[in-house]
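Structure incoming, see below.
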Amino acid sequence: WDNADFSRGVGTTFYQEFSTLNTAKPPFVRDVEAKVRRYLRSSYSAVWTLKITWEKAPVYAAWTDTRKTITYQAVLTTDGFRSYILMLYQDGGMQWDYTRLTSTNVLIGYT
């Protein structure tokens, strides 16, 4: 996430929080729960979820080219004991030219 550059006024970042401890769960949270259950093959019931979206984010340094952008999301969720992150990328949406980045050891994801 550190290579996005919004300094030229291109792109947007926004978030939405879902606190579902004592409330009905919206479809988005139910979908997140289903993904966690499917990937981990375990029961999971979210009490809190945060969706962060980077929309049309230009690569650092944006002054070189603001046309090549990427849209992606990070979804953090917890049941109060275990926490998970889903990293979602727009299909075919990686338009950054990673060969022009200052660092050549580029990763998508986290370690």
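Please report the accessible area of Asp91 (heavy atoms, 1.4 Å probe, ligands and nucleic acids excluded) in Å², nearest 10.
The accessible area comes out at roughly 150 Å².
Assuming R0 = 25 Å, can you tell me the calculated FRET efficiency for the pair Leu76 and Arg8, based on Cβ-Cβ distance, to the nearest 0.05? Let's see the in-between values first.
Numbers: r = 28 Å, r/R0 = 1.11.
Computed FRET efficiency for Leu76 and Arg8 comes out at 0.35.
Here is a further query. So if I restrict to the alpha-carbon atoms in segment 12-100, what is the Rg, and what is Dmax, the biggest pairwise distance, in Å?
Both quantities, over Cα of segment 12-100: 15.9, 48 Å.
List the lysines whose alpha-carbon lies under 24 Å from that of Lys35, not counting same-chain residues fewer than 8 positions away?
Leaving aside lysines fewer than 8 places away in the same chain, those within reach of Lys35 are Lys25, Lys51.
Sticking with this one: Ignoring ligands, DNA and RNA, how do Glu55, Glu17 rank by accessible area with a 1.4 Å probe, largest first?
The most accessible residue leads, giving Glu17, Glu55.
Given the whole protein assembly as supplied and a 1.4 Å probe, what does the accessible area of Lys25 come to in Å², nearest 10?
50
Shifting gears a bit: Which chymotrypsin sites (Phe, Trp or Tyr not before Pro) in segment 19-71 sit in a loop by DSSP (not H, G, I, E or B) and have at most 14 other Cβ atoms within 10 Å of their own Cβ? Write out the running numbers ahead of the final one.
Values: sites: Phe28, Tyr39, Tyr44, Trp48, Trp54, Tyr60, Trp63; in loops: Tyr44, Tyr60, Trp63.
Here the chymotrypsin sites (Phe, Trp or Tyr not before Pro) that fit, given the DSSP loop and packing criteria, are Trp63.
Can you tell me the accessible area per residue over segment 12-100, all protein chains present, probe 1.4 angstrom, in square angstrom?
65
Given a Förster radius of 30 Å and the C-beta distance between Arg38 and Glu17 as r, what FRET efficiency does 1/(1 + (r/R0)^6) yield to the nearest 0.05?
That pair, Arg38 with Glu17, gives E of 0.80.
Kindly report, to the nearest 10 Å², the accessible surface of Ser45 as traced by a 1.4 Å probe over protein heavy atoms only.
So the heavy atoms of Ser45 present about 60 Å² to solvent.
The values are calculated or read from the model by the stated rules, or taken from the named source; none is laboratory data. Keep in mind it's a predicted model, so treat the numbers as computed, not measured. Backbone-built Cβ (ideal geometry, glycine too); neighbour counts: all protein chains shown. Areas reflect the complete protein model, heavy atoms only, side chains present, ligands, DNA and RNA absent. Shrake-Rupley method; radii C 1.70, N 1.55, O 1.52, S 1.80 Å.
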